[in-house]
Amino acid sequence: GAPQRVHAASWAHQPAPTRTAAMADSVGRMRCYALRYTDLYQSYCKGSLDLCDIEGLQSHFDKHGAAEKRRAQCSSNDVSCYALRNPDLLAGYCAGDPDQCKWEELLRHYAEVGLAEGRAFGCKDDAIRCYAERYPDLRQGLFCNGDVTRCDNHGLWLHWHVAGQREGRVMGCATPPSPPPSTGALAHAGSAPGGCRISTPGVVWVVATPAEMAPLARHLNASECAPNGLFRTYRSSDRAHVLVLTGRGRTRAAAAMAYASTLVDPGGIQRGGVGWLNVGIAGHKTLPAGAVRALLTVYDASMETYSSFSERAVEGVQTALGVSITRPSDMSKIELDAVFDTEAAVRYPPRAPHPLCALSPRTR
């Protein structure tokens, strides 16, 4: 007979054993697919998430949505920006941390409340463009590489959340108050002081935790050069290496990358002149402690997205797929021969996996 229509409400009340992880994930993605697009929410859900025709939504995506480049996912940069640009939502749906948002609930707020209130959705708009144009360190740094039409707008919103407000920077296109924050590339309170800068060729090391920083600092004979800076920063005695301690999470990492970009002599920047390495302690089910792997592709389990790096691996260093997870226990849920980012292990103390060193290469 004809395929049975599957509704979100009835699906949710099925016994747990009948709902496989894959099916549950598919239902969640289709619910978010509807919440993203008014025409789908009205046509396939009648304006109520509990009435969504999941099978119909899946069919629409397969036949039309994918070709139209519509998104069928809950967690993504545009949803993150919706929270970042609305402090009440960031507090209510993310507990102030854009890495830990309740993605479906955020989308539901937009579909049922935010759209009617005229709230902006997504990352790209005049406000963030003006934010980049106003500050040369953002415009010329890693976020835009000198072209404000091609900026990493999500990264800029994260920078504003973590560092920009603290530094007294102005968001948007309005004329800044008098006296305005200095627009010198290195003059902001959170920008890197001259004592930490390096000249090319050199290497910028970006690490998240003190445990990852300590052995590198010892090996490179590096000492702290900005004790009062926005991020703890170390420079080697030969001025060829600088190390930046970011703290955990994508949010702080984004701000730290902008901060680190000011550590390089702007007059000496040439493609390939500066190496960028994100180094961390990771876990693996079988590899011995101390093994080194280069990560050219990283899967973010919380955002359901892949990031790939086009650079070739370092000669003699084996490569592996990297997986970013929230808890070490999540390793058992992902059947991949992969290196797992386990920075959260200090918060969740189950049996620790074997530690190893993982490198994510970037060049500039």
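The values are calculated or read from the model by the stated rules, or taken from the named source; none is laboratory data. Bear in mind the structure is a predicted one, so any value in this text is a computation, not a measurement. Positions of Cβ are generated from backbone atoms using ideal geometry, with glycine treated the same way; all protein chains shown enter the neighbour counts. With ligands, DNA and RNA removed, areas are computed over all heavy atoms of the protein, side chains included. Shrake-Rupley method; radii C 1.70, N 1.55, O 1.52, S 1.80 Å.
What to note about this one:
- Qualifying residue in segment 189-196 (condition: modelled with pLDDT of 75 or more and touching a Lys or Arg at 6+ places or on another chain (Cβ under 6 Å)): yes
- Scan of segment 140-151 for residues that are within 25 Å of Asn86 (Cβ to Cβ) and crowded, with 19+ Cβ neighbours inside 10 Å, ordered by number: Phe143, Cys144, Cys151
- Qualifying residue in segment 113-131 (condition: at pLDDT below 90 and either closer than 17 Å to Tyr82 by Cβ or in a helix (DSSP H, G or I) (or both)): no
- Single unsatisfied condition, Asn77 versus (1) closer than 30 Å to Ala253 by Cα; (2) at pLDDT below 95; (3) open to solvent by less than 50 Å² (accessible area, probe 1.4 Å); (4) not aliphatic (A, V, I, L, M): (3)
- Meets criteria (at pLDDT below 80 and basic (Lys, Arg)) for Arg252: yes
- Unmet criterion (only one of (1) within 22 Å of Tyr41 (Cβ to Cβ); (2) at pLDDT 90 or above) for Asn153: (1)
- Among the residues making up segment 48-74, those that are touching a residue at least 40 places away in the same chain (Cβ under 8 Å), farther than 25 Å from Tyr299 by Cβ and open to solvent by 30 Å² or more (accessible area, probe 1.4 Å) are Asp50, Leu51, Glu55.
- Residue in segment 238-247 that is at positive phi and modelled with pLDDT under 90 present: yes
- Looking across segment 214-233, the residues that are assigned to a loop (DSSP other than H, G, I, E, B) and in contact with a Cys (Cβ under 9 Å, 6 or more places away or on another chain) come down to Cys225, Ala226, Gly229.
- From the list Tyr110, Tyr44, Tyr37, the one residue that fits, being modelled with pLDDT of 90 or more, among the hydroxyl-bearing types (Ser, Thr, Tyr) and touching a Gly at 6+ places or on another chain (Cβ under 8 Å), is Tyr44.
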